[in-house]
Amino acid sequence: MSAVIDEKSKLVINETSKRYSNTKSQIIIYGIVCALIFIVPSFMDNAYLLNKFSTYLIMGMLAMALSLSWGYGGILNLGQAVSFGLGSYCMAMALKLRTVPIHTGAEGLPDFMVWNNVETLPLIWQPFHSLTLAVFLGIAVPVVFAMLVGWFMFKGRITGVYVAIITLAILVVVNLLIIDQQRITGGFNGITDLAQLEVFGFEFDAYSSSAYYLIAIFLTLSLFLALAITKSKTGKILQAVRDHEDRVRYFGYDVSHFQIFVFAVSAGISGLAGMLYTIVMEFASPTFLGVHLSLSIVIWCAVGGRQSLIGAMLGAIFVVGIQGSLSESETFLETWTLVMGFIFVMVVLFLPKGIAGAFESLAARIRQKN
Amino acid sequence: MDPITIISQLVTGLSIASILLLVALGLAIIYGATGVINLAHGEFVMLGAYSAWALQTFFNMSLFESLIFIFIIVALLGWAIERTVIRHLYARPLDTILATWGIGVIAQQAIRLTAGGELRYVEMPKQLADSVLIFGVEISSFRIFVLIFAATLFGLTWYLMYRTTFGIKLRAITQNPEVASSFGINSNRVFGLTFAYGAGLAGLAGALISPLKSVSPEMGTTYVVDAFLIVVLGGVESLMGTVLSAIILGELSSILSFYSNDTIAKALVLLAIVILIRFRPQGLFSSKVRS
Amino acid sequence: MNTEQLVLKNVTVNFNGFHALDGLDFSVDKGELRCLIGPNGAGKTTALDIICGKTKVTSGEVDFESKSITSLQEHQIARIGIGRKFQIPSVFQDLTVRENLQVAYSENTSVLSNLFKFGLSKDEEGLNELAEMVNLQEHLDVLAGHLSHGQTQWLEIALLVAQNPKLILMDEPTAGMTRQETHKTAELFLQLKSKHTLVVVEHDMGFVKEIGDVISVMHQGKILAEGTAQEIEQNAAVRDAYLGSGGITNA
């Protein structure tokens, strides 16, 4: 014990021990990154590339949402894709009911239901006649689901590894149920042949800058919402929970409320991302809530920096972007995935705070020298 | 249900349980001893299956002949991974989830690039290709062999853990690493060997599964979640618990799939386990919790 | 007049057959500074654990300001005004000193009301003076994980002052402190005494003599003796209890 104390008293406090949580400079950096995202369409006139780039942004949004609950709240959610998938199915159901009659079965019934001998539109589909309601549900369903799961776990003081295992298992359960309920969900194939999103007569074509801007706007909004949460006192308390959950209780905070809150906010942002993804992909599929995607989100977040919202977001955009640009050639993509696995293991070993964390300590060292 | 159906479902359940046990046993040892959440465990299973395929295709070995080689190959791989990556992460158990997932991705890709992404098939040993009648139920001889093999491996592992000096050292380290090291136990070496043994067991599991299911680079992902739930449900450091929870899971899957379908049965079983973990994180058959 | 603020009545705690507390009766008056001493394994830390809700009683009753807190959860006990400092300093290592203190100002504990608080809010006005009091004013932006052991102890004491509970439980606050630091802690405690009730578990008899009016001695899960430092040192039963552990001063 005394050896430990001696070791600690030798520590010298210097610039590297400090954290400059300079909110102003952070807002400026976040603002610049968002502005850059907004000017992309002005020099990218290839509709196909723009569509791809908007999917990268959505993945960035997902990683950012995970950073909020994992990096700040200490909740390692391996089932982040659940909320993403629920959001995407909500949007897909609404857009399916808007398809031109040629894709649709008798009396406005979606085609796959006709093939599955469904005769009337299931009750669960009814609310999706209204787009407003569908958009509301696309966020509300994941939020309520997350609150239930959060209440189930955190009221029972489940932490660490067990949170990871439970969220992963729940992801698998939801995925199985969606595949199984073919008559309602379209099963393995998901929901395809969707109409384009149309709001007040304005059409968001998946292969145009309009859809891209829609995504950029919501990405910016949710990024700044998340930033505001981390800067608030609730955000500080959340980080305290991450560091030392029990200690927080003795200050009078009900830890589970804070955990459920951040878990639900993160799910809401993911649900929104899911809806946007359906708009640009023009379908929804069970792979949207697959184990592979869910764990990939964790990887992007860790590579970019779990304790930095913008780091996690850029990490995802960067990794998925390279993956996407190599996907033209099968062998390139395969090799890249191999290299990516390798890079990822290295990041976990040597940069536990990701690339953003590495930048921060570099900046601190530079300050130290001056 | 009539008696024949009941027996048939019970036997199917046992057969599922034996495969689950094969996969979970290696994981139970690794997780119990080191606290490492090894998401690459499924890939060890996959590598075992591919080793079986490669030995059969290129060296004309039958499954029986190749088992010992498969154990050695996958155990060596496991040992190498522990030495290069895992041993740096013992202080950060949650990060082992990330690192081992990365290793899993590497393993899958390496196989895809070398053996190709298409499905591969491993031939069943000829001696076991037929089936036998037990209580009026027809059962494939190979499945019975798998069951016996799983039981034998479990017995061996139990002996290793509780009756050999290696096992005593390992348990000493698990309970108190500092005291163990002051008695001169080299925890580095012991953990390395444990990881190798656990990986080797996974390799054997993969080899035995290969004639029953098709072999593909992503086959491991399906097993790793199940195996983890079994280990956690059984309780840390409780080998007996692992067996019992494998049996419970196998039988539950078999019975539930009789009433609904396989998918719903699987979903219900997973849900049941989630609820059990919530109320008994220490597992059903153990009093210890891994913090 | 009944001034008893905290009352433990016949409290028993049983850990797998081992009686950590065995019919403990203990009460503290409002505004008092009570020292709790006793040989190793006497149940001092368990007694604090019971009061702050970390451990639940097997049988018995804990009252605070005439209300039972026996079955309340940790955060509920904290909200009615009981704060705790742990034996192993527990601060939030990845937060700065300033952020640690902000979290400790916990007058308002709900998620939503704290969501709209940015920067220093009204109830955190005393933060800078508090940092000065424990000599951490230069280190407000330092991550708590980088503080020295003594500074960490100070920070945790400051956290408790920020929390402003009616009753403060301290488990070995001077462990690992130098002589001067211990002396300064004693001064601070005497300042706190007027506004808060303090229960201090301590091994350092010098420190206990410096701060304590009434000392309670625990042995085998119950109170063995109570009185001033002088009375305790002359008490034969206390001397017997400490026998073999090298006497009261080295305990």
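Using only the alpha-carbon atoms of the stretch A:266-342, report the extent along each of the three principal axes, biggest first, to the nearest angstrom.
So the three principal-axis extents are 35, 32, 20 Å.
Below 23 Å, Cα to Cα, which lysines can A:K236 reach? Residues fewer than 8 away in the same chain don't count.
Reachable lysines: A:K18, A:K24, A:K155, A:K353, C:K85, C:K117, C:K122.
Using modelled backbone amide H atoms (1.01 Å from N, in-plane), which distant-in-sequence or interchain residues come within less than 5 Å of C:A225's amide H?
Counting only residues 5 or more places away or on other chains, the set is C:V217.
Between the stretch A:118-186 and the stretch C:160-220, what is the C-alpha centre distance in whole Å?
52 Å
Helices from chain B with mean Kyte-Doolittle at least -0.5 and a Cα length along the axis of 30 Å or more, per DSSP H: which?
B:3-34, B:63-84, B:93-115, B:141-163, B:187-209, B:239-259
Counting residues in the stretch A:186-262 as N, plug N into 2.2 N^0.38 Å and put the Cα Rg over that result.
Taking N as the residue count of the stretch A:186-262, the ratio is 1.77.
Tell me the mean residue ellipticity at 222 nm calculated for chain A from its helices only (DSSP H runs of n ≥ 4, each -39500 (n - 2.57), averaged over every residue, nearest 500).
-23000 deg cm²/dmol
Which one, C:G81, B:Q109, B:G78, projects farthest toward the positive side of the charge dipole computed for the protein assembly as shown from Cβ point charges (K/R +1, D/E -1)?
B:G78
Can you tell me the relative contact order of chain B? Whole percent, Cα pairs under 8 Å, sequence separation 6 or more.
36 percent
For the stretch B:129-201, which chymotrypsin sites (Phe, Trp or Tyr not before Pro) pass both filters: DSSP loop (anything but H, G, I, E, B) and at most 15 other C-beta atoms within 10 Å?
B:F135, B:F183
Which three lengths, in whole Å and largest first, does the stretch B:138-259 cover when its Cα atoms are put on their principal axes?
So the three principal-axis extents are 55, 27, 26 Å.
Considering only A:V345, A:V135, A:V144, give the residue with the highest GNM mean-square fluctuation for chain A, with springs between Cα atoms whenever their separation is below 10 Å.
Highest fluctuation among the options: A:V345.
Within the stretch B:181-211, which residues have the backbone N less than 11 Å from the label spot 7 Å out from B:I72 along Cα→beta-carbon, could you tell me?
Counting only backbone N, you get no residues.
Apply the a/c threshold of 1.5 to the C-alpha gyration tensor of the stretch C:63-105 and tell me whether it is rounded, prolate or oblate.
prolate
With only Lys, Arg, Asp and Glu charged, each at its Cβ (+1 for the first two, -1 for the last two), find how big the charge dipole of the protein assembly as shown is about the Cα centre; round to the nearest 20 debye.
The dipole magnitude comes to about 880 debye.
Let me check I have the definition right: for chain A, take the eigenvalues of the Cα gyration tensor, multiply each by 5, take square roots. What are those semi-axes in whole Å, largest first?
38, 24, 19
For the stretch A:46-290, with the dipole built from +1 on Lys and Arg beta-carbon atoms and -1 on Asp and Glu ones, taken about the Cα centre, which of A:V280, A:Y207, A:Y56 lies farthest toward the positive end?
Farthest along the dipole direction, towards plus: A:Y56.
Might you report the magnitude of the Cβ-based charge dipole of the stretch C:5-62 about its Cα centre, with Lys and Arg at +1 and Asp and Glu at -1, to the nearest 20 debye?
The dipole magnitude comes to about 140 debye.
Using amide H atoms built in the peptide plane, which far-off residues or other-chain residues are under 5 Å from C:Q5 H to H?
Correct list: C:V28, C:D29, C:K30.
May I ask you to compute the full-extension gain from B:N60 to B:T165, defined as 0.36 nm times their residue separation minus their alpha-carbon distance, rounded to one decimal in nm?
34.0 nm
If every alpha-carbon in the stretch C:4-250 counts as one equal scatterer, what log10 I(q)/I(0) does Debye give at q = 0.08, 0.12 1/Å?
-0.32, -0.71
Can you give the relative contact order of the stretch C:4-250 as a percent, counting alpha carbon pairs under 8 Å and 6+ residues apart?
With pairs under 8 Å counted, the relative contact order is 28 percent.
I need the shape label for the stretch B:1-102. Rule: rounded when a/c is under 1.5, else prolate if a/b > b/c, else oblate, with a, b, c from the alpha carbon gyration tensor.
In terms of gyration-tensor shape, oblate.
Once the piece of chain linking A:A363 and A:A140 is laid out straight, how much longer is it, given 0.36 nm per residue of separation minus the C-alpha distance between them?
76.2 nm
Filter the trypsin sites (Lys or Arg not before Pro) in the stretch C:55-156 down to the DSSP loop ones having no more than 13 other Cβ atoms within 10 Å, then list what survives.
Here the trypsin sites (Lys or Arg not before Pro) that fit, given the DSSP loop and packing criteria, are C:K56.
Got a sec? How would C:M170, A:M147, B:M124 order by Cβ neighbour count within 10 Å, fewest to most?
Listed from fewest to most nearby Cβ atoms, that is A:M147, B:M124, C:M170.
Longer than 26 Å from Cα to Cα, which of C:K67/C:K193; C:K67/C:K209; A:K231/C:K195 are they? Say none if no pair is.
Violating the 26 Å limit, Cα to Cα: C:K67/C:K209; A:K231/C:K195.
Pick from B:E237, B:E43, B:E218: which is most flexible by mean-square fluctuation in a GNM of chain B where alpha carbon atoms under 10 Å apart are linked?
B:E218
Going 7 Å from the Cα of C:K30 in the Cα-to-Cβ direction, what parts of the stretch C:1-24 have a backbone nitrogen less than 11 Å from that spot?
C:2-6
Taking Cα centroids, how far is the stretch B:93-137 from the stretch C:54-94 in Å?
First find each Cα centre; the distance between them is then 52 Å.
What is the helix-to-structure angle for C:149-163, meaning the angle in degrees between its Cα long axis and the longest Cα principal axis of chain C, kept from 0 to 90 and rounded to the nearest 10?
Compared with the principal axis, the helix lies near 80 degrees.
Among all the lysines, which ones have a C-alpha under 28 Å from B:K169's C-alpha, if same-chain residues fewer than 8 places away are not counted?
B:K288
Using a Förster distance of 51 Å, how high is the FRET efficiency between B:E138 and B:A110, based on the Cβ-Cβ distance and rounded to 0.05?
E(calc), rounded to 0.05, equals 0.80.
At 0.36 nm per residue, and after removing the present C-alpha to C-alpha distance, how many nm does the segment from C:Q234 to C:S59 gain when stretched out fully?
That pair, C:Q234 and C:S59, stretches by 59.7 nm at full extension.
Residue by residue through the stretch C:194-202, what is 3J(HN,Hα) from phi via Karplus (6.51 cos²θ - 1.76 cosθ + 1.60, θ = phi - 60°)? Round to whole Hz and write x for glycine and proline.
Per-residue couplings from phi come out as 5, 8, 10, 8, 10, 10, 10, 8, 8 Hz.
Where does the stretch B:21-235 land on Rg/Rh, using Cα atoms and the Kirkwood Rh?
0.99
Filter the chymotrypsin sites (Phe, Trp or Tyr not before Pro) in the stretch C:115-158 down to the DSSP loop ones having no more than 15 other Cβ atoms within 10 Å, then list what survives.
When the chymotrypsin sites (Phe, Trp or Tyr not before Pro) of the stretch C:115-158 are filtered for loop state and at most 15 Cβ neighbours within 10 Å, C:F116 remain.
Among DSSP bridges having both ends in the protein assembly as shown, what percentage is antiparallel? Round to the nearest 5.
Antiparallel bridges: around 65 percent, rounded to the nearest 5.
When only alpha-carbon atoms count, how far does the protein assembly as shown stretch along each of its three principal axes, as whole angstroms with the largest first?
Largest to smallest, the principal-axis extents are 92, 70, 58 Å.
Pairs of Cα atoms under 8 Å, at least six residues apart: use those to get the relative contact order of the stretch B:180-285, whole percent.
Once normalised by length, the contact order is 25 percent.
Over all residues in A:172-178, what is the mean tally of Cβ atoms on other chains that come within 10 Å of each residue's Cβ?
The shielding value for this peptide is 5.
Going by amide H atoms built from the backbone, whose H comes under 5 Å of the H on C:R84, apart from near neighbours?
C:L169
Where a number appears in this text, it was derived from the coordinates with a stated rule and is not lab data. None of the values given here were measured: they were computed from a predicted structure. Cβ sites come from the backbone with ideal geometry, for glycine too, and all protein chains shown count toward neighbours.
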